[in-house]
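What follows is a short report on a single structure.
The values are calculated or read from the model by the stated rules, or taken from the named source; none is laboratory data. What you see is a predicted model, and the numbers here were worked out from it, not measured in a lab. In this analysis, Cβ positions are derived from the backbone assuming ideal geometry, glycine residues included, and neighbour counts consider all displayed protein chains. These area figures cover heavy atoms from the full protein model, side chains too; ligands, DNA and RNA do not enter into them. Shrake-Rupley method; radii C 1.70, N 1.55, O 1.52, S 1.80 Å.
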Amino acid sequence: MPATAKKQVHLAAQLPGIHNVTVWSDPRSESQIAIDSFIRLAQTIERGKFDFFFLAEGLRLREHKGQVYDLDIAGRPENLTVLSALAAVTTHLGLAATVNATFNEPYEVARRFATLDRLSGGRAAWNVVTSYDAFTGENFRRGGFLPEADRYTRAAEFLTTARELWDSWSGGDLKADAATGEFTAPGAGRFAHRGQHFDISGRFTTPPGPQGHPVIIQSGESDAGREFAASDAEVIFSKHNRIDAARDFYRDVKRRLAKYGRSPDDLLILPTANAVVADTDEEAAAYAEEISRELVSPQTAIAHLEAVWGRDLSAYDPDGPLPDIEPEDDAHFLKGHSVFRKGRAETARQWRKLAEERNFSIRELVIEVGGRQTFVGSPQTVADAIDDYVQTEGADGFVLVPHLTPGGLDDFVDRVVPILQEKGVHRDDYTGTTLRDHLGLSAAPRPAGWGGPGQPLRDERLRAEPVRDRPARDQPLRDQSVRDQSVRDQPLRDQKETSA
């Protein structure tokens, strides 16, 4: 019998902008908000033939004890604006952004993603997320306006409405017929939606890009989030990067697809992960320990403990034992952080048990529960571990999060990717032009509930050819005179921006 073909490893990367997952204070770290940092990381992973580049979103600065949580990155530019800039300096790399479905409106979001898909030649993806809290809502004058139980109901209708807007243009509506003087068909862009959350009608101004619909990503881990992904998403992000939990999540989400007439290949599961690469496994382990201690500073360790305990623990030694006092259930010291908002008493019980069993200090405990690196070792060790993870159905690939900006994935691309390519589980070059091509979704018919035609749009009048005439990879990102001008125009702040 012929050997079963090995699954392909899908790779993406995120330039982190929220939470303590990037060490901005490291001397090797560069600007967290300058366009050159985004460009360098995007071009690095495109050289590694990654599927897409991803930007997360935070709609309000997190607060700790009533002040801006100054261990986070602040001041990050808006996602779709950055990705539109990256579309001009990349040729194949997918461009994915989180855009919130609780505090935006379908028309504007659909228009922005149709524009990105057109400008990039069919490389756009939308990570559909919701917000639960009145704290974030205050920025939009909507504090507490939507019960948490309704957030996925609104998100599902939001996505349905966006799809109706994209489908309001058919393949032949953009005519540009010089002989007749007709530029668009009379019915182009006409739409009407009546629903629980949205009641809109009119004309949609923007013809969709080459994909028809951008790739839809979902990142909810709750039961409602998993169901939403099974019914409507094409990629789901996961936090499960420990193999047993990852396999349970993988099986659970994949089994839900049949209910919606979908096959397991119609939805890719990509956990977030990080990798530490060195010449030997021993060197990588030592480096990973150094990174973990950078990611979880003494201040970070105490702040995380306060988020769970709901108490001021600043008097405690981060290298000492956990507090012997119980958490305050109703107190929220860290606002805008979704991880520790529920079940904090149970989390504290589990943390205390783990600390007693392993004789952990506060800082050691916080490193263990959230600061460990996923893949650590020589290039061969890391490549083998990633491949095994995918072949044994723990994931379809990974979204890699570097600890340094923008060079944190240089070693992975230069040393691990070639081994994955030699194994035959990662592409040697791009074989298609759209993100759907990269993800293997280009031939998948849309479920009936998504509306529109059964295949992504391929009408040549709606297709924008990506620019091929790019500077060589080893050339400077900009002309020096332009770079000098950009520096002169910046505010008088250190290049490694800190939070306000």
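Only residues in the stretch 388-411 that are charged (D, E, K, R) count as the first member; pair them with residues that are in a strand (DSSP E or B), Cβ under 8 angstrom, at least 6 apart or cross-chain, and list the lot.
Close Cβ pairs satisfying both conditions: 396/10; 396/268; 396/269; 396/270; 411/277.
Filter the stretch 60-87 for residues that are touching a Leu at 6+ places or on another chain (Cβ under 8 Å), open to solvent by 20 Å² or more (accessible area, probe 1.4 Å) and at pLDDT 95 or above and give the result.
Answer for the stretch 60-87, where residues must be touching a Leu at 6+ places or on another chain (Cβ under 8 Å), open to solvent by 20 Å² or more (accessible area, probe 1.4 Å) and at pLDDT 95 or above: just 84.
Just one of 53, 113, 103 is closer than 27 Å to residue 155 by Cα, in contact with a Leu (Cβ under 9 Å, 6 or more places away or on another chain) and part of a loop (DSSP other than H, G, I, E, B); which is it?
Sole residue among the options that is closer than 27 Å to residue 155 by Cα, in contact with a Leu (Cβ under 9 Å, 6 or more places away or on another chain) and part of a loop (DSSP other than H, G, I, E, B): 103.
Does the stretch 152-174 contain at least one residue that is part of a loop (DSSP other than H, G, I, E, B) and β-branched (Val, Ile, Thr)?
First pass over the stretch 152-174, keeping only residues part of a loop (DSSP other than H, G, I, E, B): 167-173.
Now restrict to residues that are β-branched (Val, Ile, Thr): none.
No.
Return the only residue of 81, 22, 98 being closer than 30 Å to residue 306 by Cα, not small (Gly, Ala, Ser) and not in a loop (DSSP other than H, G, I, E, B). Break it down stepwise before answering.
Details: 81 fails: closer than 30 Å to residue 306 by Cα; 22 fails: not in a loop (DSSP other than H, G, I, E, B).
After ruling out the rest, the residue left standing is 98.
With respect to residue 421, is the statement that it is farther than 17 Å from residue 271 by Cα, of a type outside the set (Val, Ile, Thr), open to solvent by less than 50 Å² (accessible area, probe 1.4 Å) and modelled with pLDDT of 95 or more true?
It is true that residue 421 is farther than 17 Å from residue 271 by Cα, of a type outside the set (Val, Ile, Thr), open to solvent by less than 50 Å² (accessible area, probe 1.4 Å) and modelled with pLDDT of 95 or more.
Suppose the filter is part of a helix (DSSP H, G or I) and more than 21 Å from residue 158 (Cα to Cα); does residue 38 pass it? Spell out the reasoning first.
Values: part of a helix (DSSP H, G or I): yes; more than 21 Å from residue 158 (Cα to Cα): yes.
Judged against the criteria, residue 38 is a match.
Can you pull out the residues in the stretch 251-281 that are assigned to a strand (DSSP E or B) and of a type in the set (A, V, I, L, M, F, W, C)?
Within the stretch 251-281, the subset assigned to a strand (DSSP E or B) is 268-273, 275-277.
268, 269, 270, 273, 275, 276, 277 - these are the residues of the stretch 251-281 that are assigned to a strand (DSSP E or B) and of a type in the set (A, V, I, L, M, F, W, C).
Out of all the residues in the stretch 274-294, which are open to solvent by 20 Å² or more (accessible area, probe 1.4 Å) and either modelled with pLDDT of 95 or more or of a type outside the set (D, E, K, R) (or both)? Lay out the reasoning, then the answer.
Step one: list which residues in the stretch 274-294 are open to solvent by 20 Å² or more (accessible area, probe 1.4 Å), which gives 274-275, 279-283, 285-287, 289-290, 293-294.
Scanning the stretch 274-294 gives 274, 275, 279, 280, 281, 282, 283, 285, 286, 287.
For the stretch 339-391, name all the residues that are part of a loop (DSSP other than H, G, I, E, B) and touching a Ser or Thr at 6+ places or on another chain (Cβ under 8 Å). Before you say what the answer is, go through the steps one by one.
Initially, the stretch 339-391 is screened for residues part of a loop (DSSP other than H, G, I, E, B), giving 339-343, 359-361, 371-374, 378.
Residues satisfying the conditions are 340, 371, 372, 373, 378.
Name the residues in the stretch 180-217 that are without any contact (Cβ under 8 Å) to a residue 40 or more places away in the chain, in a loop (DSSP other than H, G, I, E, B) and closer than 30 Å to residue 433 by Cβ, would you?
185, 187, 188, 189
Can you tell me which residue within the stretch 29-59, out of those that are open to solvent by 30 Å² or more (accessible area, probe 1.4 Å) and touching a Ser or Thr at 6+ places or on another chain (Cβ under 6 Å), is nearest to residue 136 (Cα to Cα)?
In the first step, residues of the stretch 29-59 are kept if they are open to solvent by 30 Å² or more (accessible area, probe 1.4 Å); the result is 30, 33, 35-36, 40, 43, 47, 49, 57-59.
When the remaining residues are screened for being touching a Ser or Thr at 6+ places or on another chain (Cβ under 6 Å), the result is 30, 57, 59.
Numbers: 30: 29, 57: 12, 59: 7 Å.
This residue is 59.
Which of (1) touching a residue at least 40 places away in the same chain (Cβ under 8 Å); (2) open to solvent by 30 Å² or more (accessible area, probe 1.4 Å); (3) in contact with a strand residue (DSSP E or B) (Cβ under 8 Å, 6 or more places away or on another chain) is the odd one out, the single condition residue 232 does not satisfy?
Evaluating residue 232 over (1) touching a residue at least 40 places away in the same chain (Cβ under 8 Å); (2) open to solvent by 30 Å² or more (accessible area, probe 1.4 Å); (3) in contact with a strand residue (DSSP E or B) (Cβ under 8 Å, 6 or more places away or on another chain) leaves (2) as the failure.
Pull out all pairs, ordered by first then second residue, where Cβ-Cβ is under 8 Å, the residues are six or more apart or on different chains, the first lies in the stretch 66-79 and is more than 25 Å from residue 96 (Cβ to Cβ), and the second is at pLDDT below 80 and exposed (fewer than 13 other Cβ atoms within 10 Å of the Cβ).
Pairs that qualify, where the first residue is more than 25 Å from residue 96 (Cβ to Cβ) and the partner is at pLDDT below 80 and exposed (fewer than 13 other Cβ atoms within 10 Å of the Cβ), are 68/500.
Determine, yes or no, whether residue 158 is modelled with pLDDT of 90 or more and surrounded by fewer than 18 Cβ atoms within 10 Å (Cβ to Cβ). Lay out the reasoning, then the answer.
Working: modelled with pLDDT of 90 or more: yes; surrounded by fewer than 18 Cβ atoms within 10 Å (Cβ to Cβ): no.
Criteria not met by residue 158.
Against the conditions (1) open to solvent by 10 Å² or more (accessible area, probe 1.4 Å); (2) within 30 Å of residue 418 (Cα to Cα); (3) of a type outside the set (Val, Ile, Thr); (4) in a loop (DSSP other than H, G, I, E, B), where does residue 16 fall short? Just the number, please.
Tallying (1) open to solvent by 10 Å² or more (accessible area, probe 1.4 Å); (2) within 30 Å of residue 418 (Cα to Cα); (3) of a type outside the set (Val, Ile, Thr); (4) in a loop (DSSP other than H, G, I, E, B), residue 16 fails exactly one: (1).
Quick check on my filter: what residues within the stretch 179-228 are closer than 20 Å to residue 398 by Cα and either in contact with a Lys or Arg (Cβ under 8 Å, 6 or more places away or on another chain) or charged (D, E, K, R) (or both)?
Within the stretch 179-228, 215, 220, 221, 226 meet the criteria.
For residues in the stretch 392-434 being more than 23 Å from the chain's Cα centre (by Cα) and in a helix (DSSP H, G or I), which is nearest to residue 122 (Cα to Cα)?
421
For the stretch 306-318: of the residues being among the aliphatic types (A, V, I, L, M) and either at pLDDT 90 or above or part of a loop (DSSP other than H, G, I, E, B) (or both), which is surrounded by the most Cβ atoms within 10 Å (Cβ to Cβ)? Before you say what the answer is, go through the steps one by one.
Of the residues in the stretch 306-318, the ones among the aliphatic types (A, V, I, L, M) are 307-308, 313, 315.
Retained after the next criterion (residues that are either at pLDDT 90 or above or part of a loop (DSSP other than H, G, I, E, B) (or both)): 313, 315.
Numbers: 313: 21, 315: 7.
My answer is 313.
Is one or more of the residues making up the stretch 129-142 open to solvent by less than 10 Å² (accessible area, probe 1.4 Å) and under 27 Å from residue 53 (Cα atoms)?
Restricting attention to the stretch 129-142, the residues satisfying the condition of being open to solvent by less than 10 Å² (accessible area, probe 1.4 Å) are 137.
This time we only want the ones that are under 27 Å from residue 53 (Cα atoms), so: none.
No, the stretch 129-142 contains no residue that is open to solvent by less than 10 Å² (accessible area, probe 1.4 Å) and under 27 Å from residue 53 (Cα atoms).
Among the residues of the stretch 218-250 satisfying the criterion of being among the charged types (D, E, K, R) and part of a helix (DSSP H, G or I), which is nearest to residue 184 (Cα to Cα)? Steps first, answer last, please.
The first filter runs over the stretch 218-250 and keeps only residues among the charged types (D, E, K, R), leaving 221, 223, 226-227, 232, 234, 239, 242, 244, 247-248.
Keeping just the survivors that are part of a helix (DSSP H, G or I) gives 223, 226-227, 232, 244, 247-248.
Details: 223: 44, 226: 40, 227: 39, 232: 31, 244: 54, 247: 50, 248: 50 Å.
The extreme case among them is 232.
Determine, yes or no, whether residue 247 is on the phi < 0 side of the Ramachandran plot, out of contact with any helix residue (DSSP H, G or I) (no Cβ under 6 Å at 6 or more places or on another chain) and surrounded by fewer than 14 Cβ atoms within 10 Å (Cβ to Cβ). Talk me through it step by step, then tell me what you get.
Values: on the phi < 0 side of the Ramachandran plot: yes; out of contact with any helix residue (DSSP H, G or I) (no Cβ under 6 Å at 6 or more places or on another chain): yes; surrounded by fewer than 14 Cβ atoms within 10 Å (Cβ to Cβ): no.
Taking the combined requirement at face value, the residue does not satisfy it.
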